[in-house]
Amino acid sequence: MDLDVRAGEMLAVAGPNGAGKTTLLRLLAGLMRPSAGEVRIRGQRPTRDDPGPRRAIGLLSHHTFLYDDLTPAENLHFTARLYGLTDPAGATRAALEEVGLTARADTPVRHLSRGLLQRAAIARALLHQPDILLLDEPFTGLDAPSADRFRALLAAQLARGRALVLVSHHLAEAWDLATHVAVLSGGRWALEGSRPSDLAAFHARYAELVHG
Amino acid sequence: MAEFLRIAFAIAAKDIRLELRSRTALLSAIVFSALVLVVFNFARDPTALAAVDLAPSVLWVTFAFGAVIALNRAFYVERENAALDGILLAPVPRSALYVGKLFANLAFVGVVEAVALPLFVLFFNVDLGHALPGVLGVTALATVGFVAVGTIFSAMVVRTRFAELMLPVLLLPFMVPPLVGAVQVTAKLLAGRPLSEMMGWLRLLTLYDIGFVTLCILVFPAVVDE
Amino acid sequence: MTPELLAARRIVRRGQVLTVLGLLAAAAVYVIAIYFTPVEVRQGPAQKIFYVHAPAAWGALVAFAVVGLVSILYLWLQDERLDLFAASSAEVGIAFSLVMLTTGPIWGKTVWGTWWTWDARLTLTLFLFFLFVGYLALRAAVQDHGERARFSAVVGIMGLVLVPFIHLSVYLFRTLHPQPVLLKPSAPSMPPEMLRALLSGMAAFTVLYIGFVVLRYGLARLDNLREGAGDAV
């Protein structure tokens, strides 16, 4: 199966549970090596010896990657040092501000509400200004205002020329942002192309593909 | 190289900060070590065996048990919220992750030993005196070796069921050469024997440290990279 | 019948043939050892256990070396079959080291007057046994196949490096402590008949080792195929 995402585009991947959506993102993020085929980021393959291409990737997983006993600021500062950013403190401040978490920057993560946790996780994923942002079911558990806010943030990322790959079991929340859509079923593409204008028609087609 | 060490230090500093904030693992390891010393005291027949004859073994068995408890936590913190994936996602050489964890573990085991040593002197009425620098030296030499092995094993067992049981089963055979060496050298130091009698053991300990730190750095990527 | 299934069955059959050959050879060795080898003057008939004991130790050592070397190959080539082969070798190794560890004290009690002594070779086999146990316990505790293979390969390689250190420790420990006078069973002063029995014992156990490992490996392949088929359904 092939996948090609360019700057300023957003590919939304739908698929039922167990279709391999999370595996797809882990492959793209370089957390798994493909058993066949290859992943290239700006023409380069991330390998054990050359972690460089990893710099271009940001992953918002359903795990937050945050340490519960550290504050958001401490978590981000540590992440900034992992990425070798020249100004960890400045990057931390900027990222916290972007997601609107400055007020709670020094509260240990374990005391944050679900919505704030999600913001901290977003800040962590965006901290090193990745060119490619991978999103795994990012709307799960967000209330309507938070989801609106998050959509605005994603639109801003697209406007800055970043490439986005989003996987979800339903695409309604991200539909307007997506430039391309694909359906993953049983580890293969069942459908792939530019986003059609009609969500309802897509849903009907999706149901047909997935449920036979 | 500077980049490598910078990342390793960042990881170690993060671990130390986390541990200072929760303190549970470190405190348990210290209390456990104190208890081992107390148990040893009552497990010996005071009329048959002088405390000082038993002292080197007691000291090292205590250090070993304390270290196993402290090492169990090493990768445990990386499990919450899949934090390890967060590190692996970053452009971090896997060996730098290993070295960072090794630094943090050496700090924890060092703290446990630093508390257990004075307790040992107190409980067993051992006069370290001029042997102290030597004992500290051999402690450092032996600790680096088994913590190096323990660090890589703790990264594996954290992914298994029964992690707390699995670590000692895997690690204790690997602890034997450094422990035997450290006990022998400590006994000779306490008895005021000349350095030449310890050279064989010191060579063994040094070789073990170099051999296993190198090997662990080489194979660690296979532990974390899918 | 897929080609993989046929291949796995062929391996099992080869393993069965080799195992039968090994068992026959082992039986022949005992006939040689009991009827055609002189009784050792000082130790009496008890020494006959040596012809099981030493070959079993040899088998355990071979098994251990194979685990370590195949583990290195696994990390290099990432072929699942290598992992299964190393695991098979470890399982056979645990059986051989158990034979060595049970025959050792029986012989030791009659000859040395003590069940156990921290003799260098006995100690080393004890550690091989512990390392095999740790290796297999870790395998049992990891669910994901890829992860299990990577972890056990790392333990296999580390064990290979540990063994010389154990040997060196025991050596230094012994040279610095007074030891009871030991009879050295494998001293070169052995009469040719005894040496013949010993060498044929080692040959028989080598065949037996290969037979067991090939058989176990074939079964592991079959097991994997069955699991794969289960996943597909």
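The values are calculated or read from the model by the stated rules, or taken from the named source; none is laboratory data. The model shown is predicted, which means the values in this text are computed figures rather than measured ones. All Cβ positions, glycine included, derive from the backbone under ideal geometry; neighbour counts span all protein chains shown.
Brief remarks follow.
- Qualifying residue in segment A:3-14 (condition: crowded, with 17+ Cβ neighbours inside 10 Å, at the interface with chain B (Cβ under 8 Å from one of its Cβ atoms), farther than 18 Å from residue A:140 by Cβ and in contact with a helix residue (DSSP H, G or I) (Cβ under 9 Å, 6 or more places away or on another chain)): no
- A count restricted to segment C:139-178 and to residues that are within 24 Å of residue C:223 (Cβ to Cβ), assigned to a helix (DSSP H, G or I), at pLDDT below 95 and facing chain B (nearest Cβ under 7 Å) stands at 3.
- Spans of helices (runs of 4 or more DSSP H) in segment C:1-119 with at least 1 residues in contact with a Leu (Cβ under 9 Å, 6 or more places away or on another chain), under 23 Å from residue C:157 (Cβ atoms) and not aromatic (Phe, Trp, Tyr): C:50-77, C:80-111
- Some residue of segment A:62-73 being surrounded by fewer than 16 Cβ atoms within 10 Å (Cβ to Cβ), among the small types (Gly, Ala, Ser) and either at pLDDT 90 or above or closer than 24 Å to residue A:195 by Cα (or both): no
- Comparison of B:165, B:136, B:141, B:171 shows that the only residue that is within 12 Å of chain C (Cβ to nearest Cβ), under 14 Å from the mean Cα position of the chain (by Cα) and assigned to a helix (DSSP H, G or I) is B:171.
Matching residues to (1) over 30 Å from residue C:162 (Cα atoms); (2) touching a helix residue (DSSP H, G or I) at 6+ places or on another chain (Cβ under 6 Å):
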position: C:3; (1), (2): yes, no
position: C:6; (1), (2): yes, no
position: C:42; (1), (2): yes, no
position: C:48; (1), (2): yes, yes
position: C:60; (1), (2): no, yes
position: C:83; (1), (2): no, yes
position: C:95; (1), (2): no, no
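Okay, residues lined up against (1) among the charged types (D, E, K, R); (2) closer than 22 Å to residue B:92 by Cβ; (3) part of a loop (DSSP other than H, G, I, E, B):
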position: A:11; (1), (2), (3): no, no, no
position: A:16; (1), (2), (3): no, no, yes
position: A:26; (1), (2), (3): yes, yes, no
position: A:55; (1), (2), (3): yes, yes, no
position: A:66; (1), (2), (3): no, yes, yes
position: A:93; (1), (2), (3): yes, no, no
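- Residues of segment A:115-136 that turn out to be within 8 Å of the chain's Cα centre (by Cα) and away from chain B (no Cβ under 13 Å), as a count: 1
- Once segment A:148-184 is narrowed to residues that are among the small types (Gly, Ala, Ser) and buried (at least 18 other Cβ atoms within 10 Å of the Cβ), the residue that is nearest to residue A:55 (Cα to Cα) is A:163.
- Set side by side, the residues B:5, B:18 differ, and just one is buried (at least 19 other Cβ atoms within 10 Å of the Cβ), within 14 Å of chain A (Cβ to nearest Cβ), in a helix (DSSP H, G or I) and among the hydrophobic types (A, V, I, L, M, F, W, C), which is B:18.
- Checking each residue in segment B:185-226 for being more than 7 Å from chain C (Cβ to nearest Cβ), touching a Ser or Thr at 6+ places or on another chain (Cβ under 9 Å) and either farther than 20 Å from residue B:98 by Cβ or crowded, with 20+ Cβ neighbours inside 10 Å (or both) picks out B:186, B:187, B:216, B:220.
- Options A:66, A:70; residue that is within 14 Å of chain B (Cβ to nearest Cβ) and within 28 Å of residue A:20 (Cα to Cα): A:66
So that you can scan it fast, the table gives a plain yes or no per residue for (1) surrounded by 23 or more Cβ atoms within 10 Å (Cβ to Cβ); (2) more than 13 Å from every other protein chain (Cβ to nearest Cβ):
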position	(1), (2)
B:71	yes, yes
B:77	no, no
B:94	no, no
B:97	yes, no
B:111	no, yes
B:121	no, yes
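- Residues that are in contact with a helix residue (DSSP H, G or I) (Cβ under 8 Å, 6 or more places away or on another chain), at the interface with chain A (Cβ under 10 Å from one of its Cβ atoms) and among the hydroxyl-bearing types (Ser, Thr, Tyr) are absent from segment B:41-58.
- Among the residues making up segment B:31-84, those that are outside any helix (DSSP H, G or I), over 18 Å from residue B:170 (Cα atoms) and of a type outside the set (Ser, Thr, Tyr) are B:43, B:44, B:45, B:46, B:48, B:49, B:50, B:77, B:78, B:79.
- For segment B:21-37, a residue qualifies if it is away from every other protein chain (no Cβ under 12 Å) and among the polar types (S, T, N, Q), and the qualifying residues are B:28, B:33.
- Condition check for residue B:167: over 24 Å from residue C:134 (Cα atoms) and not β-branched (Val, Ile, Thr): no
- Strands (runs of 3 or more DSSP E) lying entirely in segment A:108-212 (those with 2 or more residues that are over 20 Å from residue A:63 (Cα atoms)): A:180-185, A:188-194
- Answer from B:155, B:116, B:148 - the residue that is under 22 Å from residue B:7 (Cβ atoms) and more than 12 Å from the chain's Cα centre (by Cα): B:155
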